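Engineer: Please find one structure pasted underneath; my questions will follow.
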Amino acid sequence: MKFLLVLVTLVMILITCISGSVCAQTTTRPQSLIFAVQPNQAMLIRHNKLNDNIVIKLAKRLNTKVELYECPWARCVKAIENGDADIIDDLFFSTDRAVYTVFLKPSFETQTSGFRFYADNTRTKVINTWDDLLGLRIGLLRGDKHFPKFDESTELIKFDFINLTVAVKQLSKGRIDVFISPQALMKMILRR
């Protein structure tokens, strides 16, 4: 039963993440999948240290070759939009992305584990409300979507970073006060 659930989940994620252009061009199993992936993940995949990645598992199950398309997050999202890559993981639903990406229902419409704000608690007060963010220098991953109020805000001071490792370094140097990240992504960064 667990195997069937995992298989169904893998197939749903593949269909969710494959760009619309690929789906329109073929109805058969692809010979290879071009996986838009950040350099740190690509290195782990090459060294067989990310075998639990959903795309890698799916490709193995389908006996399909994976071609890595290394790029910073924002460029990976753009590669999906342009059709330069076929699949990406951890892409959250948004109406603008739905124009060029096929998402299954239910898709990653919400970050169920929530986004977290990370700060050096010796320099930055605890963040409990929206107003606590005002005046803080906030780091974020370029190309990420969070929640509408945050993404559309013009009152917040936001700085884009190419990856969260840079944001962590900038936080430790006091160049930003806080950064926002999905909890799961931060756990992956901290494991390294």
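The values are calculated or read from the model by the stated rules, or taken from the named source; none is laboratory data. Note that the structure is a prediction, hence the values are computed from the model and not measured. Cβ atoms come from the backbone with ideal geometry, glycine included; neighbour counts cover every protein chain shown.
Engineer: For the stretch 47-59, indicate whether the set of residues that are at pLDDT 90 or above, within 29 Å of Phe150 (Cβ to Cβ) and outside the structural domain of Ile162 (by TED's automatic domain parsing) is non-empty.
Structural biologist: no
Engineer: Related question: Yes or no: Asp86 assigned by TED's automatic domain parsing to the domain that holds Arg75, under 30 Å from Lys57 (Cα atoms), within 19 Å of the chain's Cα centre (by Cα) and modelled with pLDDT under 85?
Structural biologist: Working: assigned by TED's automatic domain parsing to the domain that holds Arg75: yes; under 30 Å from Lys57 (Cα atoms): yes; within 19 Å of the chain's Cα centre (by Cα): yes; modelled with pLDDT under 85: no.
When the stated conditions are applied, Asp86 does not pass them.
Engineer: So, one more: I'd like the residue in the stretch 60-100 that is in contact (Cβ under 8 Å) with a residue 60 or more places away in the chain and among the small types (Gly, Ala, Ser) and, out of all such residues, is nearest to Pro148 (Cα to Cα).
Structural biologist: Filtering the stretch 60-100 for residues that are in contact (Cβ under 8 Å) with a residue 60 or more places away in the chain and among the small types (Gly, Ala, Ser), the one nearest to Pro148 (Cα to Cα) comes out as Ala74.
Engineer: So, in the stretch 34-75, of the ones that are acidic (Asp, Glu) and closer than 14 Å to Ile88 by Cα, which residue ends up surrounded by the most Cβ atoms within 10 Å (Cβ to Cβ)?
Structural biologist: Step one: list which residues in the stretch 34-75 are acidic (Asp, Glu), which gives 52, 67, 70.
Of the ones still in play, those that are also closer than 14 Å to Ile88 by Cα are 67, 70.
Working: Glu67: 11, Glu70: 17.
Restricting to residues being acidic (Asp, Glu) and closer than 14 Å to Ile88 by Cα, the top hit is Glu70.
Engineer: Just give me the residues in the stretch 137-178 being out of contact with any strand residue (DSSP E or B) (no Cβ under 8 Å at 6 or more places or on another chain), closer than 17 Å to Phe92 by Cβ and part of a helix (DSSP H, G or I), in sequence order.
Structural biologist: Matches in the stretch 137-178: Pro148, Lys149, Asp151, Glu152.
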